[in-house]
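Chemist: One structure, as structure tokens, below. Some questions next.
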């Protein structure tokens, strides 16, 4: 590769690089710090201006200073240069700086490679359909920049068409690779700390307001497809962390190890497949009560299913559950004691009320009834915007504000039960879900986040009690939207009750879900399923490599054939010209022009000359004045007028 | 010559293509990833690892699409050369120190344009070309002429990185083409005409030649030959006039090897002679050329000039 190969760029080439750079970096503009967007925009504009004015690019030391300054700024912003966000920021900065030193094709190629790389980084933020579509356009532009560098002088439209053709011809091979390339799941090494940011979901602590905050998000938590008909909505309790330790304001998960659960199913088993969105924790959010778990998952002693590693990407699990069940008829005394424990002081009025109930009740079950009746009869309100509570939060809620969300009810109920001597604990999770009739998936959103209680009776085991149902039964029967009064800060699309809008939303979500399940969710497992449908039982990498080789060669051969196979095609005029020569049994020699041929005929065969003259005239017009189709018709007529002769 | 070319020569021999048209079939076209292609492959590998690590389904799709794009680009690189016809064309003679241009006509009988074709005969002197759909074009491959005599066209490397620059497809062309290289001329005053041997009797008869008329002065004409009186009659604005003499049959301009300084190297003497030949040719004089063993009788015109320069070019060193 000598110097000449790295020729300087022509005047028309840089705009393509600008377009590619903008297409690759623009979607990051909103996600990254404002100063970086401004920095990149200024450098882009500068490079563009220099090109427009045809000025010299800045010297090396200017770029050096800018690079150092940019690196320091990124270091100051993120405190590191490694990891996902700073990495993307560095790429954006390098891209902007590289545009200021694009002198040779070598530099331009680096810009294109950076652009390809940046396209990949967009998927770190989102892999939605819209992002996919935008990136197709961006990919087209970047590829057009690459072809503009290597195809010599070429018009704009022609270049776009070239890049488009190349991409279209690459699609079959991409499909083969996508389907058959052995998929490795999971990270290859520990991801940087910021790999999964901005994940919403349940936490292992609950204070007043923490669930209400979650509920205002319309994000999908998970999607479920039942093998049989879906159970009634009021039975859909998806169990997350069970919270046993209470310090007066916050409920926390206890780290104590418990013995294995004993679950007896009292009803039919329900099998289903759950697709969890990434929430960064280990909760499987299984339907109560789980009977069978997927490989690698286990129960934590409190009937909450967990997996070995945090769920950092969308994952699918197959589970079995029974909604009617009995759970731990025998419970360790230590556990029961733990679930009676309360802070030594605080909330005196609640304790007094509990003692009062304890005196009244003849059986533990009656305690529960008393409490639920209390919530039902007194003027309790279900709202997402409860007033702030004072130091004795339970007292304040029970006797003063009486406005609260599920966590307030669950928390005060468990407090009352413990104070009355009944082992009780808070269970957090999700309740309900929205059934999408279009694709048969039940969608459970963050807005379905819920907290309820569990009390232990001798002879009945742990029994679910949902105090929210006593205050707002619609929450359990119909969902959060019906239960809340108007004006609550729920996502707008949830509040809208118009049928056609809901239908539209269902459609969109069904499309999204298909995208998630079959395109984004195509993993090693799906790959095995797909191949087993084709009749391959033992799918290992050797089989995949063989299939990939066969299918890949097939596709490549097809592309080769399509591109290289060429049927030598004569145009109509030349075909007629040949026919004319056959007809009169004379050949126009290779070095002879048609006019010379006519001259020869005039000398050797004067009788034939007029007809041949006409053919030659029309042939020349048809071939060299192609715009007029009449010439071709005239030629055809002239050829047909020729006398038929055989070569003697 | 690059090692790859040398290896190619070793394997495929160095048979000349003769004067026939060259059709680039698949056995003549070679293709390898370029440096950009290797960089691209490396970038894809890193991207694939990233896609696996962060579990990006669309990242996989992007990497696979880009990998396929590379392969498609390879097919198109090959296609850019495939079935291209090259016809050896004309070569104009040059002087030592100039650049010979070997013309090749490219014929494209396929329904797609061929772009970004690079012809290189001598490293550092590439020439770009493109051929339209079903079109033809001529490309002049430059080769610096360093020695007089016949200059054969060295193997021409035709390569292309179209369309993505990821692969270099190339072919070695060895058309039998040669260019005549004249000595580089050194311009000195023409030697004096010398009388013909049989015209010696007329020598001393006063006027050397018969006056035939005037012609406009050219920069090469000596001021001694200017017809001053005639020029003045013409007025200020006109160029000076030169008296022309017809005949000259009794004396001739002979550009003789012997007339050059024997102390000079042979090549310099040839250069001096070449300078005279060009000078005399430009003045449209009749002249003869005498070299040891080569005699070219007196004549004038372009053909005479060409013949003499050819004799000088091919004069054995």
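The values are calculated or read from the model by the stated rules, or taken from the named source; none is laboratory data. Since we're looking at a predicted model, the values are computed, not measured. Cβ atoms come from the backbone with ideal geometry, glycine included; neighbour counts cover every protein chain shown.
Chemist: Looking at (1) within 24 Å of residue A:173 (Cβ to Cβ); (2) touching a residue at least 12 places away in the same chain (Cβ under 8 Å); (3) touching a helix residue (DSSP H, G or I) at 6+ places or on another chain (Cβ under 9 Å), which is the one condition that is false for residue B:46?
Modeler: (2)
Chemist: In the list B:110, B:26, B:85, which residue meets the criterion of being within 14 Å of chain A (Cβ to nearest Cβ), outside any helix (DSSP H, G or I), exposed (fewer than 14 other Cβ atoms within 10 Å of the Cβ) and at negative phi?
Modeler: Step by step, each of B:110, B:26, B:85 is checked, and only B:26 is within 14 Å of chain A (Cβ to nearest Cβ), outside any helix (DSSP H, G or I), exposed (fewer than 14 other Cβ atoms within 10 Å of the Cβ) and at negative phi.
Chemist: Which of the numbered conditions does residue A:340 fail, given that it passes all the others? Conditions: (1) touching a helix residue (DSSP H, G or I) at 6+ places or on another chain (Cβ under 8 Å); (2) buried (at least 19 other Cβ atoms within 10 Å of the Cβ).
Modeler: The number of the failed condition is (2).
Chemist: Shifting gears a bit: Would you say residue B:174 is within 22 Å of residue B:80 (Cβ to Cβ), away from chain A (no Cβ under 14 Å) and touching a strand residue (DSSP E or B) at 6+ places or on another chain (Cβ under 6 Å)? Quick ask: steps written out before the conclusion?
Modeler: Numbers: within 22 Å of residue B:80 (Cβ to Cβ): yes; away from chain A (no Cβ under 14 Å): yes; touching a strand residue (DSSP E or B) at 6+ places or on another chain (Cβ under 6 Å): no.
Here the answer is no, as residue B:174 does not meet what is asked.
Chemist: Taking the range A:413-439, which residues are surrounded by fewer than 24 Cβ atoms within 10 Å (Cβ to Cβ) and assigned to a helix (DSSP H, G or I)?
Modeler: Selection gives A:418, A:419.
Chemist: Okay, next question. Given the options B:118, B:63, name the one that is modelled with pLDDT of 90 or more, more than 7 Å from every other protein chain (Cβ to nearest Cβ) and either within 22 Å of the chain's Cα centre (by Cα) or not in a helix (DSSP H, G or I) (or both). Working first, answer last.
Modeler: Values: B:63 fails: either within 22 Å of the chain's Cα centre (by Cα) or not in a helix (DSSP H, G or I) (or both).
On inspection, the qualifying residue turns out to be B:118.
Chemist: With (1) within 25 Å of residue A:24 (Cβ to Cβ); (2) touching a helix residue (DSSP H, G or I) at 6+ places or on another chain (Cβ under 6 Å); (3) modelled with pLDDT under 90 as the list, and residue A:219 as the residue in question, which single condition is left unmet?
Modeler: (1)
Chemist: Let me ask something additional. Of all strands (runs of 3 or more DSSP E) completely enclosed by the range A:196-254, which ones contain at least 3 residues that are buried (at least 22 other Cβ atoms within 10 Å of the Cβ)? Give the steps one after another, and end with the answer.
Modeler: Numbers: elements: A:220-226, A:237-246, A:251-253.
The strands (runs of 3 or more DSSP E) meeting that bar are A:220-226, A:237-246.
Chemist: Scan the range A:127-166 for residues that are part of a loop (DSSP other than H, G, I, E, B) and either touching a strand residue (DSSP E or B) at 6+ places or on another chain (Cβ under 9 Å) or more than 9 Å from chain B (Cβ to nearest Cβ) (or both) and report the count. Spell out how you get there, then give the answer.
Modeler: Step one: of the range A:127-166, the residues part of a loop (DSSP other than H, G, I, E, B) are A:127-128, A:151-155.
After this cut, where a residue has to be either touching a strand residue (DSSP E or B) at 6+ places or on another chain (Cβ under 9 Å) or more than 9 Å from chain B (Cβ to nearest Cβ) (or both) as well, the list is A:128, A:151-155.
Counting residues in the range A:127-166 that are part of a loop (DSSP other than H, G, I, E, B) and either touching a strand residue (DSSP E or B) at 6+ places or on another chain (Cβ under 9 Å) or more than 9 Å from chain B (Cβ to nearest Cβ) (or both) gives 6.
Chemist: Those residues that are surrounded by fewer than 20 Cβ atoms within 10 Å (Cβ to Cβ) and either touching a strand residue (DSSP E or B) at 6+ places or on another chain (Cβ under 7 Å) or assigned to a strand (DSSP E or B) (or both), I need them from the range B:96-107; list them, please. If you could, list the steps in order and put the result at the bottom.
Modeler: Here is the first cut: in the range B:96-107, the ones surrounded by fewer than 20 Cβ atoms within 10 Å (Cβ to Cβ) are B:97-99, B:101, B:103, B:105, B:107.
Of everything in the range B:96-107, those that are surrounded by fewer than 20 Cβ atoms within 10 Å (Cβ to Cβ) and either touching a strand residue (DSSP E or B) at 6+ places or on another chain (Cβ under 7 Å) or assigned to a strand (DSSP E or B) (or both) turn out to be B:99, B:101, B:103, B:105, B:107.
Chemist: Having 3 or more residues that are farther than 30 Å from residue A:616 by Cα and without any contact (Cβ under 8 Å) to a residue 12 or more places away in the chain is the bar; report the helices (runs of 4 or more DSSP H) wholly within the range A:534-605 that clear it. Before the answer, list the steps.
Modeler: Numbers: elements: A:541-564, A:572-584, A:594-604.
It comes to A:541-564.
Chemist: Among the candidates B:71, B:38, single out the residue that is within 11 Å of another protein chain (Cβ to nearest Cβ) and free of Cβ contacts under 8 Å to residues at least 40 places away in the same chain. Before you say what the answer is, go through the steps one by one.
Modeler: Details: B:38 fails: within 11 Å of another protein chain (Cβ to nearest Cβ).
Answer to the check: B:71.
Chemist: Of all residues in the range A:142-153, count the ones that are over 9 Å from residue A:24 (Cα atoms) and touching a helix residue (DSSP H, G or I) at 6+ places or on another chain (Cβ under 6 Å).
Modeler: From the range A:142-153, those over 9 Å from residue A:24 (Cα atoms) are A:143-153; that's our starting set.
Restricting the remaining residues to those that are touching a helix residue (DSSP H, G or I) at 6+ places or on another chain (Cβ under 6 Å) gives A:143-149.
The qualifying residues number 7.
Chemist: Still on this structure: Given the conditions (1) more than 14 Å from the chain's Cα centre (by Cα); (2) under 30 Å from residue B:147 (Cβ atoms), and given that residue B:102 satisfies all but one, which numbered condition is not satisfied?
Modeler: The failed condition is (1).
Chemist: Does the range B:259-290 hold any residues that are over 27 Å from the mean Cα position of the chain (by Cα) and either assigned to a loop (DSSP other than H, G, I, E, B) or in contact (Cβ under 8 Å) with a residue 60 or more places away in the chain (or both), and which are they? I'd like the intermediate steps shown before the answer.
Modeler: Residues of the range B:259-290 over 27 Å from the mean Cα position of the chain (by Cα): B:259-264, B:285-288, B:290.
Passing the criteria: B:259, B:260, B:261, B:262, B:263, B:264, B:285, B:286.
Chemist: Going through the range A:343-363 one residue at a time, which ones are under 22 Å from residue A:463 (Cβ atoms) and surrounded by 19 or more Cβ atoms within 10 Å (Cβ to Cβ)? Give the derivation first.
Modeler: If we filter the range A:343-363 for residues that are under 22 Å from residue A:463 (Cβ atoms), which is where we start, we get A:350, A:353-354, A:357-358, A:360-363.
Answer for the range A:343-363, where residues must be under 22 Å from residue A:463 (Cβ atoms) and surrounded by 19 or more Cβ atoms within 10 Å (Cβ to Cβ): A:350, A:353, A:354, A:357.
Chemist: Select the helices (runs of 4 or more DSSP H) contained entirely in the range A:1-99, then report the ones holding at least 2 residues which are more than 26 Å from residue B:50 (Cβ to Cβ) and more than 14 Å from chain B (Cβ to nearest Cβ).
Modeler: Filter on the range A:1-99 gives A:13-25, A:34-53, A:60-78.
Chemist: Do any residues in the range A:30-41 that are under 11 Å from residue A:73 (Cα atoms) and in the same structural domain as residue A:92 (by TED's automatic domain parsing) have Cβ atoms under 6 Å from those of residues that are at pLDDT below 90 and assigned to a helix (DSSP H, G or I), where the two are at least six apart or on different chains, and which pairs are they?
Modeler: Between residues of the range A:30-41 that are under 11 Å from residue A:73 (Cα atoms) and in the same structural domain as residue A:92 (by TED's automatic domain parsing) and residues that are at pLDDT below 90 and assigned to a helix (DSSP H, G or I), the close pairs are A:33/A:77.
Chemist: For residue A:95, only one of the following conditions fails: (1) within 28 Å of the chain's Cα centre (by Cα); (2) without any contact (Cβ under 8 Å) to a residue 40 or more places away in the chain. What is its number?
Modeler: (2) is the only condition that residue A:95 fails.
Chemist: What number of residues within the range A:627-636 are in contact with a helix residue (DSSP H, G or I) (Cβ under 8 Å, 6 or more places away or on another chain) and either under 13 Å from residue A:579 (Cβ atoms) or at pLDDT below 85 (or both)? Reasoning before the result, please.
Modeler: Initial filter on the range A:627-636 (in contact with a helix residue (DSSP H, G or I) (Cβ under 8 Å, 6 or more places away or on another chain)): A:628, A:631-632, A:634-636.
Going one step further and asking which of them are either under 13 Å from residue A:579 (Cβ atoms) or at pLDDT below 85 (or both), we end up with A:628, A:631-632, A:635-636.
Matching residues across the range A:627-636 total 5.
Chemist: Let me ask something additional. Going residue by residue through the range B:2-19, is there one that turns out to be on the phi > 0 side of the Ramachandran plot, more than 14 Å from every other protein chain (Cβ to nearest Cβ) and either buried (at least 22 other Cβ atoms within 10 Å of the Cβ) or without any contact (Cβ under 8 Å) to a residue 40 or more places away in the chain (or both)?
Modeler: Kept after step one, since they are on the phi > 0 side of the Ramachandran plot, are these residues of the range B:2-19: B:13, B:18.
Next, from what is left, pick out any that are more than 14 Å from every other protein chain (Cβ to nearest Cβ): B:13, B:18.
Among the residues that remain, those that are also either buried (at least 22 other Cβ atoms within 10 Å of the Cβ) or without any contact (Cβ under 8 Å) to a residue 40 or more places away in the chain (or both) are: B:13.
Among the residues of the range B:2-19, at least one is on the phi > 0 side of the Ramachandran plot, more than 14 Å from every other protein chain (Cβ to nearest Cβ) and either buried (at least 22 other Cβ atoms within 10 Å of the Cβ) or without any contact (Cβ under 8 Å) to a residue 40 or more places away in the chain (or both), which makes the answer yes.
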